[in-house]
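The values are calculated or read from the model by the stated rules, or taken from the named source; none is laboratory data. Being a predicted model, the structure only gives us computed values, none of them experimental. Note: ideal-geometry Cβ built from the backbone for every residue, glycine included; neighbour counts use all protein chains shown.
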Amino acid sequence: MTRSSHKYLLILACLLGTAAQAEVFILPSGEQVVGAAGQVSAAYEDTLTDIGRRHGLGYEEMRLANPGVDPWLPGEGATVTLPTRFVLPDTLRRGVVINLVEYRMYYYHSVDGVSRVSTFPISIGRMDWNTPLGRASITAKTRNPAWYPPASIREEYAAEGRSLPNVVPAGPDNPLGEYALRLSVPGYLIHGTNRPAGVGMRVTHGCIRMFPEDIEWLFPQVGVKTSVRLVNQPVKLGWSGQSLLLEVHPPLGEDDAGREKGMTFITERYVELTSERPAEVDWDLVEAVYREQRGVPVEVGRATGIAPAVAAQVTD
């Protein structure tokens, strides 16, 4: 092997190693948490975006999990937290679930009869181009899609002194990337991107944007008519073994209601989760986690005693 060919293989290996493969978790019965958090040391040339992409994480969640770390220059040897543990959204576990405030997608599926979930970072619509909430479904799948920008987007470009054709063909200049899933909500897609650095931010015109490697994995997995639920759940509470974990994300800028009822929701969810499984909770810690809103699950309580239903059976 020549020195030049050896160098080429090293470069190719580095390029192939820049992105994480889709991680598939077995759904835990009676529990609401998957994954495990981790830490890595930053290299000299790393940004939080670089590190995040290698571990299936987007910009905003990396920034929140690493307060005090410069997102664009963490520094060689800096310890970087990987927020790769997730409290699942409180929804029906079927098809695609997108929690906008979390900048994250969950895909529920079955492999060999075993229920599983895969999760991916996403970008969502800017404040002036909100991604809609509600139920939808996938109506079409397209490889190498052309982009037909609506008049409103072409007008926005024109106002900024930029030109935008009526049709952008497939290729490196197409912002949809190589795969697109059309939703039943008119005008909205789940698609790839030619600008992966923006994944995990509010940067789109309402569509859901994914890393190229993530949409490439998801595209053959889902079919037309797959259900899609778009939710807004900044506060998530769930069981992992004997631990009760709380995960809190900053509400979206326009979500005034989410800011006002956060602690009320936590209390209601706590009552629901502990109705048959008592827990001792540190409410001071709950309030601290709610104030910090770092998007990282924190153990705020532990199971204690015997569930009422079990106790009744023991005494009968």
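Side notes on the structure shown:
Here is a yes/no grid of residues against (1) crowded, with 19+ Cβ neighbours inside 10 Å; (2) over 15 Å from Ser123 (Cα atoms); (3) modelled with pLDDT of 90 or more; (4) not hydroxyl-bearing (Ser, Thr, Tyr):
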| residue | (1), (2), (3), (4) |
| --- | --- |
| Ile153 | no, yes, no, yes |
| Ala158 | no, yes, no, yes |
| Glu178 | yes, yes, yes, yes |
| Leu189 | yes, no, yes, yes |
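- Strands (runs of 3 or more DSSP E) within region 107-198 that include 2 or more residues among the hydroxyl-bearing types (Ser, Thr, Tyr) and in contact with a Lys or Arg (Cβ under 8 Å, 6 or more places away or on another chain): 114-125, 134-143
- Out of Arg182, Arg277, one residue alone is buried (at least 16 other Cβ atoms within 10 Å of the Cβ) and closer than 24 Å to Ile153 by Cβ. It is Arg182.
- Residue in region 280-316 that is surrounded by the fewest Cβ atoms within 10 Å (Cβ to Cβ), counting only those that are modelled with pLDDT of 95 or more and out of contact with any strand residue (DSSP E or B) (no Cβ under 9 Å at 6 or more places or on another chain): Asp284
- You will find that of Thr84, Thr49, Thr119, Thr142, the residue that is over 16 Å from Met210 (Cβ atoms) and polar (S, T, N, Q) is Thr84 and no other.
- Filter result for the condition that a residue is over 25 Å from Glu292 (Cβ atoms) and modelled with pLDDT under 95, over Gly77, Gly68, Gly125, Gly134: Gly125
- Boolean, Gly238 is in a loop (DSSP other than H, G, I, E, B) and surrounded by 18 or more Cβ atoms within 10 Å (Cβ to Cβ): no
- Within region 93-113, considering residues that are modelled with pLDDT under 95 and not charged (D, E, K, R), the one farthest from Thr49 (Cα to Cα): Gly113
- Annotation note: Cβ proximity below 8 Å between a residue of region 267-284 that is free of Cβ contacts under 8 Å to residues at least 40 places away in the same chain and a residue that is of a type in the set (D, E, K, R) (sequence gap 6+ or interchain) occurs for Ala279/Arg302; Glu280/Arg302.
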